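Note sheet for the following structure.
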């Protein structure tokens, strides 16, 4: 059993809400076990935000989404990274995913600032110095 901190639960809620708003998919659909493409893509965007941006472990992110395995989280995150790298030169839906990330990622980082407070500024400084942002 994986225990999640209050911060991780708040970040999970923020990611799911933002992605649901931008992709026009109900939160319940993102959190369900259904495997329709829009829902799978929305979950993958959430997993990308939680692992790459928030730095939450693969196992914990998997537990947040109906106890998905860490390899499912890796696959979802890699799918999003591929969409970002191709920037519209791949399959027809990839430009849409890259557009969603461009909208959601800055908003998620802002929400992280509201949740983390002072620790957020240290995180932001580190990521800007490292070239992640």
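The values are calculated or read from the model by the stated rules, or taken from the named source; none is laboratory data. All figures in this text were calculated on a predicted structure; none of them were measured in a lab. A quick note on method: Cβ atoms are made from the backbone with ideal geometry, for glycine too, and the neighbour counts reach across all protein chains shown.
Remark: residue 45 matches the filter, which requires a residue to be buried (at least 19 other Cβ atoms within 10 Å of the Cβ) and either without any contact (Cβ under 8 Å) to a residue 60 or more places away in the chain or farther than 12 Å from residue 104 by Cβ (or both). Every condition in (1) touching a helix residue (DSSP H, G or I) at 6+ places or on another chain (Cβ under 6 Å); (2) modelled with pLDDT of 90 or more holds for residue 57 except the one numbered (1). Taking the range 1-106 and the helices (runs of 4 or more DSSP H) fully enclosed by it, the elements with 2 or more residues that are out of contact with any strand residue (DSSP E or B) (no Cβ under 6 Å at 6 or more places or on another chain) and under 25 Å from residue 119 (Cβ atoms) are at 6-23, 37-48, 58-64, 70-86.
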